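Engineer: Here it is, the structure in full.
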Amino acid sequence: MQWNTSADFAPLVLFVGGRRKHKIVRTLQDAAEVLMIDWPLDDGEEYVAAVKACADAVTGQAGMHELRELLLSAAREAGIAVLSVIADNRKMAPHMAA
C-alpha cells in the first residue's frame, strides 16, 4: 500500500479543533497522521478499530474503504464533524455528516 496516493480514498474533511481547525484526509498517510496526532481522544472502541484498520492498511491486510468507514465511525464516536465527498454516478457531491 502506498502512503501518499489517493486513488482508493474518497476525501474527508475532519473538523478536529473547532471551526477553524480542520484536516483533509486524502491518503493513508493523512489518515494515520490525523488518528495519531490530531485526534481529540485516544480511546473509544471505534477509535481503536480505526487505528487497527490503519495499521492493517499499511501492511495490506485491510482496504482503504474499510479504513474510511471506520474513520467515519470513530469521528461520530468522538463528536467530530465530517465533510465527505461521495461519488454519485461519476459526479462528486459534498455530504455533511456528524
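The values are calculated or read from the model by the stated rules, or taken from the named source; none is laboratory data. None of the values given here were measured: they were computed from a predicted structure. Cβ coordinates were reconstructed from backbone atoms using ideal geometry, including for glycine residues, and neighbour counts include every protein chain displayed.
Engineer: Which of (1) touching a helix residue (DSSP H, G or I) at 6+ places or on another chain (Cβ under 6 Å); (2) closer than 15 Å to residue 25 by Cα; (3) crowded, with 17+ Cβ neighbours inside 10 Å does residue 72 not meet, given it meets every other one?
Structural biologist: With respect to (1) touching a helix residue (DSSP H, G or I) at 6+ places or on another chain (Cβ under 6 Å); (2) closer than 15 Å to residue 25 by Cα; (3) crowded, with 17+ Cβ neighbours inside 10 Å, residue 72 is out only on (1).
Engineer: What's the number of the condition residue 85 fails, among (1) among the hydrophobic types (A, V, I, L, M, F, W, C); (2) touching a strand residue (DSSP E or B) at 6+ places or on another chain (Cβ under 7 Å); (3) modelled with pLDDT of 95 or more?
Structural biologist: (3)
Engineer: Look at region 35-49 and say how many of its residues are crowded, with 20+ Cβ neighbours inside 10 Å and closer than 16 Å to residue 13 by Cα. It would help to see each step written out before you state the result.
Structural biologist: First pass over region 35-49, keeping only residues crowded, with 20+ Cβ neighbours inside 10 Å: 35, 39, 47.
Next cut, closer than 16 Å to residue 13 by Cα only: 35, 39.
Total satisfying the criteria: 2.
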